[in-house]
There are 2 protein chains.
Amino acid sequence: MAKILRVDMSELSVTVQHLPSDAHPTGGRRFTSGLVAREVPPLCHPLGPANKLVFAPGWLGGTGAPCSGRLSVGAKSPLTGTIKESNAGGNGANALARLGIAGIVVEGAPPDGRLRLLRLGPESARLEEADDLRGLGNYDTVARLQERSSGAISCVSIGPAGEMKLAAAGIAVTDEEMRPTRYAGRGGMGAVMGSKGLKAIVVDNEHGERPASANLPAFREASARFARSLRAHAVTGQALPTYGTNVLANILNEAGAYPTRNFSAGQFEGVSAISGETQRDTIIARGGVPTHACHKGCTIRCSRIYHDANGEYLTKGPEYETIWAHGADCGIDDLDAIARMDRLDDDLGLDTIEMGATIGVAMAAGVIPFGDAEGAIRLLEEVRAGSPLGRIIGSGAEAAGKVFGVVNVPVVKGQAIPAYDPRAVKGIGVTYATSTMGADHTAGYAVAQNILSVGGEVDPLKPDGQAALSRTLQIATALIDSTGLCLFVAFAVLDDPEAFPAIVDMTNAHLGLALDAEALTALGAEVLRAEREFNTRAGFGPQHDRLPAFFAEEPLPPHNVVFDVPAEELDAVHGS
Amino acid sequence: MAKILRVDMSELSVTVQHLPSDAHPTGGRRFTSGLVAREVPPLCHPLGPANKLVFAPGWLGGTGAPCSGRLSVGAKSPLTGTIKESNAGGNGANALARLGIAGIVVEGAPPDGRLRLLRLGPESARLEEADDLRGLGNYDTVARLQERSSGAISCVSIGPAGEMKLAAAGIAVTDEEMRPTRYAGRGGMGAVMGSKGLKAIVVDNEHGERPASANLPAFREASARFARSLRAHAVTGQALPTYGTNVLANILNEAGAYPTRNFSAGQFEGVSAISGETQRDTIIARGGVPTHACHKGCTIRCSRIYHDANGEYLTKGPEYETIWAHGADCGIDDLDAIARMDRLDDDLGLDTIEMGATIGVAMAAGVIPFGDAEGAIRLLEEVRAGSPLGRIIGSGAEAAGKVFGVVNVPVVKGQAIPAYDPRAVKGIGVTYATSTMGADHTAGYAVAQNILSVGGEVDPLKPDGQAALSRTLQIATALIDSTGLCLFVAFAVLDDPEAFPAIVDMTNAHLGLALDAEALTALGAEVLRAEREFNTRAGFGPQHDRLPAFFAEEPLPPHNVVFDVPAEELDAVHGS
């Protein structure tokens, strides 16, 4: 029977609870958001002892289901003040699921301000002193954790940014090569972990067992069907494995929706130097890895390994949003500089999207000029130094905008808007505005229908139909984020009528349930509802489901469009 | 007939409108809040061109009514995001009223980013280039404005903090000695002025005329009656003229409600060194002025002039809240150091309350230790330098708390809680929570009944009756802030049944109206309602009418009380 670990950092104790069997299906975002909504006071300070940090694999975590290794991390966010679920790839979720752990709830705050780590094995769960790791980046942290562990482990850790409780701090999860490159980046979950005095979770990755499926043959059959669907789709079977997520750079730039220099234009003249095609060529020429799985059991394999000019490992292949954030949004067209920033973000424990957007805001304020790659790298080094400037940068775009007196600050509910300009991709604009998470492209990825012609076509430049589109996607996403499946499976789900039934069948066969597609979808809606209720009690209302005013006022070249989805339609997204 | 000046900083034009005669009685807060509520989009960026900065004397401004020289300044606040009215003493309001100016509305934003000043005379109102004043403190600014003016002027100006658009920037108004010591300090009105590119308003203080009263004999009779009432009351007739506002230091400390070291205790061991009694002795010993009127026509005369140890002018006598903020809240018991900080705040153009509270938060974060007076002064010098650290400090307590990762940040709606701990003065806690302005003691000064036995007695340590008390006071305050009368007249109004009728009679006699007391009070309620409606449309709801969680959780020594006024009672303050 699956376990829930209650880790009390005030008492320095770990208590094991059993997940009630009638809770199923639960996992991932359904688990984290449900727990946060039930147990965290909505008006508490996110860095105070009343907040809870929750980790959960999805309900398919640890099984052989393709791409089922996402780890959800939830809490009240210090960046947004809303509820937050941020999920990561890497091997952490599967390692937890194989130890029978459905969730970890980290509560309280350490009385002595010291750092500790949580070590998890097949029969054990204990806190260990870890103050000697203070100030270490995630790369050194993982190296030290490997030295003091016997056998294979997975690590979930924070860098100096999380220790400093900076609102843009994320949580790193190790990949197949034991590099801390997979991220629950958004919403400052790393700062919450820092406020709990928890430097890392070290998970035995050797002695666990695959969770038993109620009907293994049926599960295997459905899994195989799902894998076939993923392989057959042009995005998950070809584009992503070939070019990774950065295949989008040229596409979004062509669409005039590639936010450039702090959202002042929709096309970047330097895009070809930082595109997915250029990135692939560069990786291959330097002996890197152009197609790579971020966790065991991933069949899409969109991640990559990026080498420097000397052919030495530098970082994982930076994702589309990272390359946009540190690239076009800052007017930087130097792929190696962007990769160095990706490495710095991973090591310091920072969200790459928030960092790029924040540096873009700092550039708009004149702190450094647009296009200054070395200056941008210096700003990240300031974070490591913990200087006032570094702390401003590490606190995210909204805080930097306030401190530097900038008007055009691209955030919703305090979280930076990512790599798709909402004026030219209006469906994603609706998601940014109305998501329970603040601006978050992964909460309802309307780019699929607006730009990629996946799941139908909705004109990205017109307001019509965007609200209904976003609503459907937000519900589906809340469900997928609960299964533990990577959101990228949605491309297949949107186009292939066989894909979603395969998810339903995998769920039923694994858990011994008999849900239909409608019941499963209803769970997604229920997760969203619980999140919305938390946010309402935390003080968020319709006026917060809006984009910053400049998106409605300043036309975006080249299409010279503004964001014009009416407020009533935004309000109807989560309405009846 | 009174004029409204529309100053368009985008077009660099000044347009004169006539105040409709059926608008009366209007002035002060009723004018500024009404205009902001009607014309400013509630979701605009406070530093963007859509915000409007509004100046207005009260409807008794420029007359011989005692203490009627307050200048209201309104806008959407960059500190709180709410509507804001902040009012100041000094001679500015009377000078405007004597030129027949009922209000100034500054709109738009300069296309070229240059600084300008608005020069106002009996027949003229024009914008002048002022980029040569860039970076000057308020003291030097006023000196330069005097050099380039013929005859007596009053100045309304911003320092470097306002130019930098820092959220804690205030607006200075000159006093009788042409010193920029009177402040519309709270809520970042100086940043809004900076965003408009307006360095100063220079008002002819020589050629204006006293506004005609409809019935001058009746007005004079009522004014004399009102002056007698002010002289007869123990607070306005004795305590304030003798010791100034800092008479409160020992009183609040005795009450265990004097917030010490970032609100971690209610008594400060160093209080005697910074009390009103010590301040008076120090001022007298050094040849300063212990009793002084901040504007012509003030009969209370609570301001002072503070000399340094060499007998040279240093600053105005710092007010109670300033001495608390830079003193007890930072663990500093050095009156001269506090006076130097007051001078720095006035010169840089910063709100003293927000600055002290922010430095207290920085001390809680370990940036400098509690009690480090020279360190605190260095932090203010960082603001002048415009360094990242200075910008953090100048952005106020909430921003500093976020950047430095502090949990106990004493703010409501982003504005620092002033010098009365809400756990031990629960009535003022209700005002902090529910005011339309964020934490603001002047919005409903329940300290009167809770601590001073003025206007009755309500036990400060019990939750009972505080909500009703705060409600009544908030309505009365909105009215007084509209008349142009100094809020300190409320002490007399609360105790002397003759005082309020005198205000009614002055209003009617001056404006030729026939309102009764009830009708006038209804105007106060109407102002509050307009402000609340603006805030609602700006995204503020019941959840924002709360104190930070730690006030309900961490008992305050010595009484070991928490803030326990129930949420329902807070919600009922502005309810039906």
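Laboratory data are not the source of any read-out in this text; all were calculated from the coordinates shown. All values derive from a computational prediction rather than experimental measurement. FYI the Cβ positions are ideal-geometry reconstructions off the backbone, even for glycines, and counts take in every protein chain you see.
Some observations on this one:
- Value of [θ]222 nm, deg cm²/dmol, for chain B, DSSP H segments ≥ 4, -39500 (n - 2.57) each, nearest 500: -11000 deg cm²/dmol
- Options B:43, A:365, B:235, ranked by Cα towards positive dipole end of the protein assembly as shown, top entry (Cβ charges): B:43
- Alpha-carbon Rg with Dmax, taken over region A:3-204, Å: 14.9, 43
- Starting from the label point of residue A:151 at 7 Å along Cα→Cβ, the same points in the other copies fall at 9.2 nm, in ascending order.
- Counting only Cβ charges, +1 for Lys and Arg and -1 for Asp and Glu, the dipole size of chain A around its Cα centre is about 1180 debye.
- At R0 = 45 Å, FRET efficiency that the Cβ-Cβ distance of residue B:126 and residue B:224 yields, to 0.05: 0.70
- Under the span-like rule (Cα at least 15 Å along the axis, Kyte-Doolittle mean at least -0.5), DSSP H helices of chain B: B:216-232, B:335-348, B:352-364, B:373-385, B:466-483, B:499-511, B:517-537
- For region A:161-317, the relative contact order works out to 17 percent when only alpha carbon pairs closer than 8 Å and six or more residues apart are counted.
- Note on the protein assembly as shown: Kirkwood radius taken over Cα pairs, Stokes-Einstein applied at 25 °C and 0.890 mPa s, translational D equal to 80 µm² s⁻¹.
- Each of B:358, A:32, B:282 has some number of other Cβ atoms within 10 Å of its Cβ, and from fewest to most they run B:282, B:358, A:32.
- Peptide B:395-403 has a mean of 6 when you count, residue by residue, the C-beta atoms of other protein chains within 10 Å of its C-beta.
- Pseudo-label separations to other copies for residue B:134 - Cα-to-Cβ vector, 7 Å, nm: 4.5
- Region A:246-419 - charge dipole about Cα centre, Lys and Arg +1 at Cβ, Asp and Glu -1, debye rounded to 20: 400 debye
- With the simple model of a label 7 Å out from the Cα in the direction of the Cβ, residue A:13 to residue A:464 spans 6.3 nm.
- Average Cα contact separation per residue, region A:99-199, under 8 Å, 6 or more apart, as relative contact order %: 26 percent
- Computed from the Kirkwood radius of its Cα pairs, the Stokes-Einstein diffusion coefficient for region B:112-226 at 37 °C and 0.692 mPa s stands at 216 µm²/s.
- Between the listed residues B:446, B:559, B:271, the Cα displaced farthest toward the positive end of the dipole of chain B, a dipole computed from Cβ unit charges relative to the Cα centre, is found at B:446.
- Shape class for chain A: rounded, because the ratio a/c of the largest to smallest gyration tensor axis (alpha-carbon atoms, square roots of eigenvalues) is under 1.5.
- 13 Å reach of a label modelled at residue A:537, 7 Å along Cα-to-Cβ, counting backbone N of region A:81-119: A:83
- In region A:3-204, a dipole from Cβ-located charges (positive for Lys and Arg, negative for Asp and Glu) runs towards its positive end, and of A:169, A:13, A:83 it is A:83 whose Cα lies farthest in that direction.
- Remark on chain A: A:44, A:155, A:294, A:298, A:302, A:330 stand apart, with no other cysteine beta carbon under 4.7 Å.
- Counted charge near residue A:57, where neighbours are those whose Cβ lies closer than 15 Å (Asp, Glu -1; Lys, Arg +1): +4
- FRET efficiency, residue B:232 to residue B:387 (Cβ-Cβ, R0 51 Å, nearest 0.05): 0.50
- Chain A: relative contact order in percent, alpha carbon pairs under 8 Å with at least 6 residues between: 16 percent
- Point-charge dipole on Cβ atoms (K/R +1, D/E -1) for the protein assembly as shown, about Cα centre, debye to 20: 360 debye
- Across the identical copies, the label point of residue B:386 (7 Å from Cα in the Cβ direction) is separated from its matches by 2.9 nm, in order from shortest.
- On the principal axes of its alpha-carbon atoms, region A:463-558 has extents of 52, 38, 21 Å, going from largest to smallest.
- Kirkwood analysis of region A:246-419, using all unique Cα-Cα pairs, places the hydrodynamic radius at 16.0 Å.
- Net +/- balance of residues flanking residue B:571 in space, Cβ distance below 14 Å, scoring K and R +1, D and E -1: +1
- Rg and Dmax of region B:1-91, based on Cα coordinates, read 13.7, 40 Å.
- Order of B:372, B:308 under a 10 Å beta carbon neighbour criterion, fewest first: B:308, B:372
- Near residue B:462: Cβ cut-off under 10 Å, other residues only, Lys/Arg at +1 and Asp/Glu at -1. The net charge is -2.
- When chain B is turned onto chain A, the axis of that turn runs closest to one Cβ of chain B, and that residue with its distance in whole Å is B:388, 2.
- The simple Förster model, with R0 at 22 Å and r as the Cβ-Cβ distance, assigns residue A:215 and residue A:518 a FRET efficiency of 0.55.
- This ranking places B:299, A:483 by how few other beta-carbon atoms lie within 10 Å of each, fewest first, which gives B:299, A:483.
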